[in-house]
Amino acid sequence: MTREAYIPVTGGINLPAAELQWQFVRSSGPGGQNVNKVASAVELRWDLRGSTSLPYGVRLRLEALAGSRLTADGVLIIRAERHRTQERNRADALERLVELVRRAAVPPKPRKKTKPSRASKRKRLDGKRHQGDKKRLRSKGYD
């Protein structure tokens, strides 16, 4: 019996490692002459819409947070090429994915309706009246 590996994100969210696809490409970053020989950049792909590991609300918030990293098919692509080694770029991409999911896991704080106080309404209207009086005094036709 094989046990599937999971990547812990928060207390209730774990990402199945089998859903992540890794692709290694040549990096445009640092590396000197070695940069043309080694595929050190990492592209992490995750089918967000096809994944069953996320609750619906988290998935919607993650789609909004992902922005241009999300394709039309719902695949999240994270490219990492900051480091010279494939291992460090792989860790960097995974860390960025986990951080993105953690940010999406936090539900937004509900907005509380408030009414302006009577004093603030009065202050606003007094300011408008004062401004109008000033304009009226500046006009040519006023006696």
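Quick note: the coordinates plus some simple rules give every number you see, no bench work behind them. Because the structure is a prediction, the values reported are computed rather than measured. Cβ: placed from backbone, ideal geometry, glycine included. Neighbour counts: every protein chain shown.
Brief remarks on what is shown
- Option label - semi-axes √(5λ) of the Cα gyration tensor in Å computed here, alternatives (i) 23, 22, 15; (ii) 29, 22, 15; (iii) 54, 25, 12: (iii)
- Dividing the summed helix terms, -39500 (n - 2.57) for each DSSP H run of n ≥ 4, by the number of residues in the chain produces a 222 nm estimate of -12000 deg cm²/dmol to the nearest 500.
- Computed over the chain: relative contact order in percent, which uses C-alpha pairs under 8 Å that are six or more apart: 21 percent
- Protection proxy ranking of 10-16, 73-79 - average other beta-carbon atoms within 10 Å, highest first: 73-79, 10-16
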